[in-house]
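Data first, discussion second: the structure below is written as structure tokens.
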Amino acid sequence: MEIDRFRKALERRSRLKEKLFTVDEVAYCESRADPAQHFAVRFCAKEAFSKALGTGVSKFSMSEVEVVRDERGKPGIALSGRAKGVAEALAAKGMDLSMSHSDLFVIAVVVIET
């Protein structure tokens with residue numbers, strides 16, 4: 001995903017952050033030097049999660065999928081609401097998330113264990 005494309009989407013749609021991200025995600029991203037880069041990679045991770053489930057994003061809200069970090073900084077996914085229910089119904093037992101970025105692009109990969 002192109003970071004500048006996501007940056008422009010954030011500028012055009014003032015409520016996009018509240019629709020897609022949790023309060024903690026917004027606080028984290030806005031504390032960084034280039035918030036758009038961090039918002040973009042989190043959006044990419046949420047999209048990768050929905051594709052790994054095979055359901056797409058129509059079954060839950062993107063804000064129900066939160067990108068979190070453990071004490072060492074390793075990224076992970078925390079689920080709530082309908083997203084948690086969909087994952088449980090599909091017998092998801094564990095998830096791994098990898099995220100990366102350059103100056104121009106972000107990428108995320110999610111692997112779900114069943």
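The helices (runs of 4 or more DSSP H) located wholly in the stretch 6-111 that include 2 or more residues which are basic (Lys, Arg) and touching an Asp or Glu at 6+ places or on another chain (Cβ under 9 Å) occupy 35-53, 81-89. Among the residues making up the stretch 28-44, a single one is under 12 Å from Ala108 (Cβ atoms) and of a type in the set (Gly, Ala, Ser): Ala40.
When each of Ala36, Ala108, Ala40 is tested for being touching a Lys or Arg at 6+ places or on another chain (Cβ under 7 Å), closer than 17 Å to Arg5 by Cα, modelled with pLDDT of 95 or more and not charged (D, E, K, R), the lone residue that passes is Ala36. Among the residues of the stretch 83-114, those identified as exposed (fewer than 14 other Cβ atoms within 10 Å of the Cβ) and charged (D, E, K, R) are Glu88, Lys93, Asp103, Glu113. Answer yes if at least one residue in the stretch 37-47 is of a type outside the set (Asp, Glu) and free of Cβ contacts under 8 Å to residues at least 24 places away in the same chain, and no otherwise. For the stretch 37-47, residues of a type outside the set (Asp, Glu) and free of Cβ contacts under 8 Å to residues at least 24 places away in the same chain: present.
The values are calculated or read from the model by the stated rules, or taken from the named source; none is laboratory data. The shown structure was predicted, so the numbers you read here are calculated from the model rather than taken from an experiment. No Cβ is skipped: glycine too gets one built from the backbone with ideal geometry, and neighbour counts run over all protein chains shown.
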